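The values are calculated or read from the model by the stated rules, or taken from the named source; none is laboratory data. Quick caveat, the model's predicted, so the values are computed rather than measured. Here the Cβ is made from the backbone with ideal geometry for all residues, glycine too, and neighbour counts use every protein chain on show.
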Amino acid sequence: MNADSAKIEIEKLSKELNQHNQSYYVEDKSLISDFDFDQLLIKLQELEEKFPQWANDYSPTKRVGGDITKKFETVIHKYPMLSLSNTYSKEEIEDWVSRVKKMVEDDIEYVCELKYDGVAIGIQYIDGKLTQAITRGDGSKGENVTANVKTIRSIPLVLEGNYPNDFEIRGEIFFPLENFRKLNELKRESGEQEFANPRNTASGTLKMQDSKVVAQRGLDCFLYGVYGTGNLREGHFETVKKVADWGFKIPSEKLRYIEKTKSLDGVMDFIEFWSEKRQKLPFEIDGIVIKVNKYHKQEELGYTAKSPRWAISYKFKAERVETSLMNVTFQVGRTGAITPVANLKPVQLGGTTVQRASLYNADQIVKLDLHENDQVYVEKGGEIIPKIVGVNLTERSGNSRAINFIDKCPECDSLLKKKEGEVLHYCTNDKGCPTQLKGKIEHFIGRKAMDIDGLGAETVDNLFEVGLINNIADLYELTFDQVIEIERMADKSVNNLLSGLKMSKEISFPKVLFGLGIRFVGETVAKKLANSLKNIDALIEASFDSLIEIDEIGDKIAISIISHFEDEENIEIVQRLKGHGLTFEIEEIEGSSTKLKGLSFVVSGVFTKFSRTELKELIETNGGKNIGSISKKTSFVVAGEKMGPSKLKKASDLGVEILTEDQFIALLNE
Ligand code: IVH
C-alpha cells in the first residue's frame, strides 16, 4: 500500500472504529463482535506504525493507552471549577427553593440529576478534537491527565455534528461497579490487598503513569456542564441533550438519571425515588444535584465565593446503621495473608442482613480504635462486604475489650510476620499451615487456572484431611481405590475427578503458571511471562534483570518469582507436575524456529517490509526476545527509518550492533 492510499484507509478505519465505539460505549448497543472490532483496531495500529506521518493524537488506537505521563503538569482552569453547596435534609432543599423563588420571578424549572461519586474533570475540545483534560485540583488549577482520559471510551476523541470551535465540557469520571469488582477479583487472585472503594480507586487510576493500565481498568464518565459555548439553548437540560449530538454520553431520561420539573414536589419525588433505588445503580452516587434550568435565571441568581446559587446538592446520608461488634476473627488466605473480620450482631442494611464486615488489616483496627462489644457504624460501599466506619463512643461500656491483633496464626499457631513496607500480617508457616495449603490447591483447581471437572473445595478439604493430598502435585498421584474411600464419593464421582485431572494435562501453559499461585502472578502476568519466556525452565532460571525487561513486569513481581523458585520444594512440585505430563511450555506456532534463541532485540523506528508488530512477532516466533530499552546486554537494535537519534547514540555508545530491516531479514535467513 502506498502512502496516499494508507491515508485514506487510516481515515476510513478511524471513522468506522469511532462509530463502533460510540454505539457501544455511549448508546449501549453493539453492532460488531469484540473480535471483529479488535481486528479493525489491529489493522489501524499496523497502518499507523507503517505510516506514522498519518498517525494522530485523536486516533481510536489511543483508547488502548501506551502513553506514559511521568509527571502530571499543573494547568490553570480557564473557568474555575466551583463546588456545590451541600444539604442533608429536605427542609434545606425547601429553604433553597424559597430563596430561589424570592430572587427570580416565578415559573421556575428545576433539573434534577444524580450526584455521581467520582472525580471531576474538565475536558477541552478545539476544532472538534479532545485537546486537554484537567482534574479539579484546588478549583483554580488542576493536573493534566489527558493521556489517561483519552482511554475512557465513552469520552469522544473527535466530535461529530455542529460543535463550537473551542469549549470545555465538565463531568465526573467514575468506576462502574462491575469493573471495580472485577479489578478486586484480580487483586484477590494474585494475593494483593484489595481496593477499598470505587471513588478513591477512580481517582488513583486517573493519576497512574501508564495509560495502558488505565485503559484496562474500564473507567466511565457522565457529563454535566458545558462552558465557553455561549448559550446553545435556553437552559441546562436542553443543552445536555444537545451535546449528545456531538457524541457525548449523557444521563438517560428514560432511566430517570435526569429529569426536568417545575415543582418542589417533583424535586422531592426525584430525591425520594433515588434514596430508595440507588443501591440498584451500576455505579455509586452520593446524592442528587438540583439546578435551576434557564440560563438567564442562573445569571440572575449568580454565585457566592465558592458555589453557584442556582444549584444545590442533596447528599444522602451514607446508608449507615449502628450495631454491636461481637468479636473479631482472623482469616488466613492462600498466601498466608491475615484478614481481620468483624462479626456483628445481625442488622438490616441496604436490603440485606449484614453480620460480617471486613476490617482489611491491623492498622484499620487501630485507626478506628475498635473494641469488642462496641456499638459500631456500618456502611455499604461499592463492595458486597460492608465496612465499619466508626465507633459510637458514647455507648462504650464497661464490657468493651480492646482488640489485640493476633501474633500467631489462628489455624496453625505459627508466628505471624509483617513484611517491610506492607500493611498485612502473614502466617510464616507456608509449608505446613493447613489453610494455606488447602487454599493453594483450591486456587490451582479454580476456574481460571486448571478448571478441573469433578473437583471442588469440599473434596479438596476431605482429601486433605485424610492426608491424601498436601500439595498440587499430589493430586495427580491419586488412585481410584484411595478416593473411593472418601465419604460421599461414589464410583461415578471418583471417575469424574480422575478424568478431570487427566484432561487438565492439556490446559495451556499460561493457566498452569497462574495455577502455581506465585504471589503477584495473576492471570495477565502469567500470560505475559509465558508468552515471553516460552517455558517453565526459562522462568525458573530467569534473573531479576531479565524478568524486569519483560513488558509490564516490575520489581515486585520479579522478586516474588525469584523467591518462589529459590524454594527447592516449589521446584520439586514443578518437576513432579512435569513428570505427570502437565503443559509447561507454549505450543510452537507454525513457522517457528529457535534461530534467534538467546538473542535480545530492541525494535525501533518505521519499517517498509513489515510493521513493527510483525517484526516483533517474527523475533518471538524464532526464539528471540523483545525488550523495551537498550542496554549493554542487548544483542541487536533493529533500526527503521525515523528512529530517534538519542536511541541510535545510546546503541553506538554501548557498542550494540545496529541492524537495518534487510540485515535483520538476512540474519533470519542465515
Ligand atoms: S454540577 C458549579 N452536577 O460534585 C458546580 N456536579 O461539589 C457545578 N458532581 O466537584 C457542578 N455529579 O464533580 C454537578 N450532576 C452533577 C454532579 C456534580 C457529581 C460533583 C462535581 C463537583 C462536586 C460539586
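Selection of strands (runs of 3 or more DSSP E) fully inside segment 110-227 by the criterion of at least 3 residues being modelled with pLDDT under 95 and surrounded by 20 or more Cβ atoms within 10 Å (Cβ to Cβ) returns 220-227.
Let's see how each residue does on (1) within 33 Å of the chain's Cα centre (by Cα); (2) near the ligand (Cβ under 10 Å from one of its atoms); (3) in a loop (DSSP other than H, G, I, E, B):
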site	(1), (2), (3)
SER275	yes, no, no
GLN279	yes, no, no
PRO282	yes, no, yes
GLY287	yes, yes, no
ILE290	yes, yes, no
LYS297	no, no, no
ALA305	no, no, yes
TYR314	yes, no, no
GLU322	yes, no, no
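Just one residue in the set LYS150, LYS129, LYS102 is farther than 17 Å from GLY204 by Cα and touching a strand residue (DSSP E or B) at 6+ places or on another chain (Cβ under 9 Å); that residue is LYS129. If we scan segment 340-359, do we find a residue that is within 16 Å of the ligand (Cβ to nearest atom) and free of Cβ contacts under 8 Å to residues at least 12 places away in the same chain? There is no residue in segment 340-359 that is within 16 Å of the ligand (Cβ to nearest atom) and free of Cβ contacts under 8 Å to residues at least 12 places away in the same chain. Checking each residue in segment 58-84 for being in a loop (DSSP other than H, G, I, E, B), away from the ligand (no atom under 16 Å from the Cβ) and in contact (Cβ under 8 Å) with a residue 12 or more places away in the chain picks out TYR58, SER59, GLY65, GLY66, ASP67, THR69, LYS70, PHE72, GLU73.
When restricted to residues that are assigned to a helix (DSSP H, G or I) and either free of Cβ contacts under 8 Å to residues at least 24 places away in the same chain or within 16 Å of the ligand (Cβ to nearest atom) (or both), segment 98-109 contains 4. Would you point out the residue of segment 518-546, among those that are at pLDDT 95 or above and in a helix (DSSP H, G or I), that is surrounded by the fewest Cβ atoms within 10 Å (Cβ to Cβ)? So the residue we want is GLU541. The residue pairs whose first member lies in segment 507-519 and is in contact (Cβ under 8 Å) with a residue 24 or more places away in the chain and under 14 Å from LYS534 (Cα atoms), whose second member is of a type in the set (Phe, Trp, Tyr) and in a loop (DSSP other than H, G, I, E, B), and whose beta carbons are closer than 8 Å, counting only pairs six or more residues apart or on different chains, are PHE509/PHE584; VAL512/PHE584. Only one of the listed residues (HIS425, HIS371, HIS443) is in contact with a Ser or Thr (Cβ under 7 Å, 6 or more places away or on another chain), at pLDDT 90 or above and not hydrophobic (A, V, I, L, M, F, W, C). That residue is HIS371. Given the condition assigned to a loop (DSSP other than H, G, I, E, B), within 16 Å of the ligand (Cβ to nearest atom), modelled with pLDDT of 95 or more and farther than 21 Å from ASP269 by Cβ, answer yes or no: does some residue in segment 85-97 qualify? Looking through segment 85-97, none of the residues is assigned to a loop (DSSP other than H, G, I, E, B), within 16 Å of the ligand (Cβ to nearest atom), modelled with pLDDT of 95 or more and farther than 21 Å from ASP269 by Cβ.
Within segment 457-487, the set of residues being without any contact (Cβ under 8 Å) to a residue 12 or more places away in the chain and more than 27 Å from ILE571 (Cα to Cα) comprises GLU458, ASP481, ILE484. When restricted to residues that are outside any loop (DSSP other than H, G, I, E, B) and touching a helix residue (DSSP H, G or I) at 6+ places or on another chain (Cβ under 9 Å), segment 415-430 contains 3. Where helices (runs of 4 or more DSSP H) sit wholly within segment 612-670, those with at least 1 residues that are over 30 Å from GLU587 (Cα atoms) and either at pLDDT 85 or above or not aromatic (Phe, Trp, Tyr) (or both) occupy 645-654.
Within segment 128-141, at least one residue is farther than 25 Å from PHE514 by Cβ, hydrophobic (A, V, I, L, M, F, W, C) and under 22 Å from the mean Cα position of the chain (by Cα). Among the residues of segment 208-231, those that are farther than 21 Å from GLU27 by Cβ and either within 16 Å of the ligand (Cβ to nearest atom) or hydroxyl-bearing (Ser, Thr, Tyr) (or both) comprise SER211, GLY225, TYR227, GLY228, THR229. For the residues LEU582, LEU596, the requirement of being more than 34 Å from the chain's Cα centre (by Cα) and part of a loop (DSSP other than H, G, I, E, B) singles out LEU596. Of the residues that make up segment 248-265, is at least one over 14 Å from ILE152 (Cα atoms) and crowded, with 21+ Cβ neighbours inside 10 Å? Yes, segment 248-265 contains a residue that is over 14 Å from ILE152 (Cα atoms) and crowded, with 21+ Cβ neighbours inside 10 Å. The number of residues in segment 168-198 being within 16 Å of the ligand (Cβ to nearest atom) and hydrophobic (A, V, I, L, M, F, W, C) comes to 4.
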